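Since the structure comes first, as structure tokens, the remarks are kept for the end.
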Amino acid sequence: MPNPDASPNAQIHPAQIRPAVILCCGEDKGALLDALGELGFPAGAAVSEFRSYSVWTLPAVTVVLSAIGTGALEPLLYELLHTGRVERIVLVGTAGRLRADGLPLGVAYPIREARVAGTGLDRECGDGVLRPEWPDFPTGPSASIVSSDFYYGFSPALAPGDYRHRLVGVRGDYQRLSGAMDLVDMEVGQFYALCRLIPDAPGLRFIAFKGASNAIDNHGEQNTHAPSVLRDSLEKALRALGLGVRFEA
């Protein structure tokens, strides 16, 4: 039975929310748990599950797994952020590589800028660049990303009859942005936008770490490289949150 004292969509009770949150969207739960376990996440950690959301609360951090895209992200972020309990939130996960000569597969990078194309926030964000709010942005290589609610639609159209040719607006966005951005996913742009829009007061720190698990024209290789991206993005998230590189630290 749903708990009336918890949030309605994700069933998150305020007591579950730590100041530090790691958020993952649209990844396989088993692959995420494997990556977490490699970094010292306690086996058998208590989890609350409702609809498409899983929430693990540890002493130093709350870890949340959500479904994919704006429709899952927006209610979750509202239910997390409007409480005022979250001080730092990091989004982790996989993405597609837009350019064949681009970033290597299997490695995660801090996302320095994001755009939205074909999302529920396009009218709010327009063509603006969305950036993280993180005082000590990690040194070293970083990446740019475009986020879309079209998993297959924001990728090359394969033949004249392919349905993607009929997505006129999305095709235009793809042609315009695929050569300008490093990665494509379904959440970072919306995450950056909502982390600015939802809190009642400034002060929330937020950043995303994403890496390519596949080339945009080869969705089939995604699951081969997803485990290494998940582990790398989680390790970098822990370090950014000041929690070391292992959950047990």
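Coordinate-derived values only; no laboratory data. Being a predicted model, the structure only gives us computed values, none of them experimental. Methodologically, a virtual Cβ is constructed for each residue, glycine included, from the backbone with ideal geometry; neighbour enumeration extends over all protein chains shown.
Would you please state the base-10 log of I(q)/I(0) at q = 0.17 1/Å for region 182-249, with intensities from the Debye formula using one equal scatterer on every alpha carbon?
Summing over Cα pairs of region 182-249 leads to -0.78.
Find how many whole Å separate the alpha carbon centroid of region 189-249 from the alpha carbon centroid of region 41-105.
Between the Cα centre of region 41-105 and that of region 189-249, the gap is 8 Å.
Taking only Cα atoms of region 110-173, what ratio of Rg to Rh do you get with Rh as the Kirkwood inverse-distance radius?
Details: Rg = 14.6 Å, Rh = 13.5 Å.
The Rg/Rh ratio comes out at 1.09.
Could you check which residue among Ala100, Ala20, Ala215 shows the biggest mean-square fluctuation in a GNM of the chain with a 10 Å Cα cutoff?
Ala100
Kindly express, to the nearest 10 degrees and within the range 0 to 90, the angle between helix 168-177's C-alpha long axis and the longest C-alpha principal axis of the chain.
The helix 168-177 is inclined about 80 degrees to the chain.
Tell me the label-point distance for the pair Glu38, Ala67, using the 7 Å Cα-to-Cβ offset, in nm and rounded to one decimal.
Result for the modelled spin labels: 2.8 nm.
Relative to the longest principal axis of the C-alpha atoms of the chain, give the angle of the C-alpha long axis of helix 188-197, reported between 0 and 90° and rounded to the nearest 10°.
Helix 188-197 sits at roughly 50 degrees to that axis.
So what is the calculated 222 nm ellipticity per residue for the chain, using -39500 (n - 2.57) for each DSSP H run with n of 4 or more, over all residues, to the nearest 500 deg cm²/dmol?
Value at 222 nm, helices only: -8000 deg cm²/dmol.
Given Cβ point charges of +1 (Lys, Arg) and -1 (Asp, Glu) and nothing else, what value in debye, to the nearest 20, does the dipole of the chain about its Cα centre take?
Working: 22 positive and 28 negative charges, 55 e Å.
Here the chain has a charge dipole of around 260 debye.
I'd like to compare 203-210, 2-9: which one has the highest average count of other Cβ atoms within 10 Å, and what's the full order after that?
Values: 203-210: 22.4, 2-9: 13.2.
Listed from highest to lowest mean packing, they are 203-210, 2-9.
Kirkwood Rh, region 159-199, all Cα pairs: how many Å?
On the way: mean 1/r = 0.0810 Å⁻¹.
Taking the inverse mean of 1/r over all distinct Cα pairs, region 159-199 comes out at 12.3 Å.
Based on Cβ point charges of +1 for Lys and Arg and -1 for Asp and Glu, what charge dipole magnitude is obtained for region 13-161 about its Cα centre, in debye rounded to the nearest 20?
With Lys and Arg at +1 and Asp and Glu at -1, about 80 debye.
Based on the Cα atoms of the chain, what semi-axes does the equivalent ellipsoid have, where each is the square root of 5 times one gyration tensor eigenvalue, given in whole Å with the largest first? Walk me through the numbers on the way to the answer.
On the way: eigenvalues 161, 79, 62 Å².
That gives 28, 20, 18 Å for the three semi-axes.
Sort 108-115, 182-189, 155-162 for me by packing, meaning the mean count of neighbouring Cβ atoms within 10 Å per residue, highest on top. Spell out each step's value before the answer.
Working: 108-115: 24.2, 182-189: 26.8, 155-162: 12.0.
Ranked by mean Cβ neighbours within 10 Å, highest first: 182-189, 108-115, 155-162.
For the chain, find the longest principal axis of its Cα atoms and tell me its angle to the long axis of helix 29-38, 0 to 90°, nearest 10.
Compared with the principal axis, the helix lies near 60 degrees.
Could you grab the Rg to Rh ratio for region 16-103? Cα atoms only, Kirkwood for Rh.
Details: Rg = 13.9 Å, Rh = 14.0 Å.
My calculation of the ratio gives 0.99.
Positive end of the dipole of region 74-201, charges at C-beta (+1 Lys, Arg; -1 Asp, Glu), about the Cα centre: which of Ile89, Tyr192, Phe150 has its Cα farthest in that direction?
Phe150
Say the dipole of the chain comes from +1 at the beta carbon of Lys and Arg and -1 at that of Asp and Glu; which of Gly220, His13, Thr139 then lies farthest toward its positive end?
Final value for the positive-end residue is Thr139.
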